[in-house]
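Nothing in this text is a laboratory measurement; each read-out follows from the coordinates by a stated rule. The model shown is predicted, which means the values in this text are computed figures rather than measured ones. Reconstructed Cβ throughout: ideal geometry from the backbone, glycine too, with neighbour counts over all protein chains shown.
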Amino acid sequence: MNEPLNFTVKSIEGKEINLNSYKGKTVLIVNVASKCGLTPQYEGLESIYKKFNSKGFEILGFPSNDFMGQEPGTEEEIQNFCSTKYNVTFPLFSKVKVKGDEKSELYKYLTSKETNSGFEGEIEWNFQKFLVDKNGKVVKRYSPKSTPSEIEKEIESFL
């Protein structure tokens with residue numbers, strides 16, 4: 001595996017999704033949570049998703065309960081929260097582990113020096129972001145506190 005889009009993951013509805021279907025697009029991979037101080041970033045993420053989706057931009061949201069239990073809900077509860085509170089329309093996936101021994105294969109890839117040199121390291125908190133270019137390569141890693149509006153211009157430069 002030499003790219004983050006070479007993984008198959010489960011959608012929040014439980015369907016198997018091959019991330020290869022996003023190749024050729026600029027993709028922002030984000031671990032998300034519903035009960036975090038950074039949860040309002042959903043609003044900014046949805047805003048840039050709506051602004052750039054027609055230009056080949058995707059956001060892939062991966063709920064995770066790894067940080068102080070801030071994503072305790074079921075997939076259905078998470079989806080309901082995201083759609084009713086923040087009108088999220090970008091793809092959400094089943095809850096994953098982003099740290100520790102049970103880390104998902106995608107996050108093993110994203111955090112490993114061997115597979116993602118220059119962008120490796122443990123996930124710091126909810127809303128850590130990885131920007132993947134149209135060729136399927138990670139080109140940026142953003143801190144959880146980097147807001148969507150702060151990184152919007154940079155994302156636009158990869159479209």
- Scan the stretch 75-91 and give yes if some residue there is assigned to a loop (DSSP other than H, G, I, E, B), over 16 Å from the mean Cα position of the chain (by Cα), farther than 17 Å from Lys35 by Cα and not basic (Lys, Arg), otherwise no. no
- Enumeration of residues in the stretch 100-148 that are exposed (fewer than 13 other Cβ atoms within 10 Å of the Cβ) and within 18 Å of Tyr49 (Cα to Cα): none
- Query: Can you tell me which residue in the stretch 73-99 is surrounded by the fewest Cβ atoms within 10 Å (Cβ to Cβ), limited to those that are closer than 18 Å to Trp125 by Cβ and hydrophobic (A, V, I, L, M, F, W, C)?
  - Reply: Val96
- Within the stretch 43-67, track down each residue that is polar (S, T, N, Q), surrounded by fewer than 20 Cβ atoms within 10 Å (Cβ to Cβ) and in a loop (DSSP other than H, G, I, E, B). Asn65
- Note on the structure: Filtering the stretch 1-24 down to residues that are among the charged types (D, E, K, R) and either closer than 19 Å to Lys97 by Cβ or in contact (Cβ under 8 Å) with a residue 12 or more places away in the chain (or both) yields Glu3, Lys10, Glu13, Glu16, Lys23
- Does Gln70 count as crowded, with 18+ Cβ neighbours inside 10 Å and in contact (Cβ under 8 Å) with a residue 60 or more places away in the chain? no
- Note on the structure: Residue pairs within 8 Å by beta carbon, gap of at least six or interchain, first lying in the stretch 93-117 and closer than 11 Å to Pro4 by Cβ, second of a type in the set (S, T, N, Q) and assigned to a loop (DSSP other than H, G, I, E, B), listed first then second, are Lys108/Thr115; Tyr109/Thr115; Tyr109/Asn116; Leu110/Asn116; Thr115/Asn2
- Item | Those residues of the stretch 98-122 which are not charged (D, E, K, R) and not in a loop (DSSP other than H, G, I, E, B), in sequence order | Leu106, Tyr107, Tyr109, Leu110, Thr111
- Message: List the residue pairs whose Cβ atoms are under 8 Å apart, where the first residue sits in the stretch 135-159 and is closer than 12 Å to Phe57 by Cα, the second is among the aliphatic types (A, V, I, L, M) and assigned to a strand (DSSP E or B), and the two are 6 or more positions apart or on different chains.
- Response: Ile155/Leu28; Ile155/Leu131; Phe158/Leu131; Phe158/Val139
- If we keep just the residues of the stretch 4-42 that are surrounded by 14 or more Cβ atoms within 10 Å (Cβ to Cβ) and polar (S, T, N, Q), which is nearest to Ile155 (Cα to Cα)? Thr26
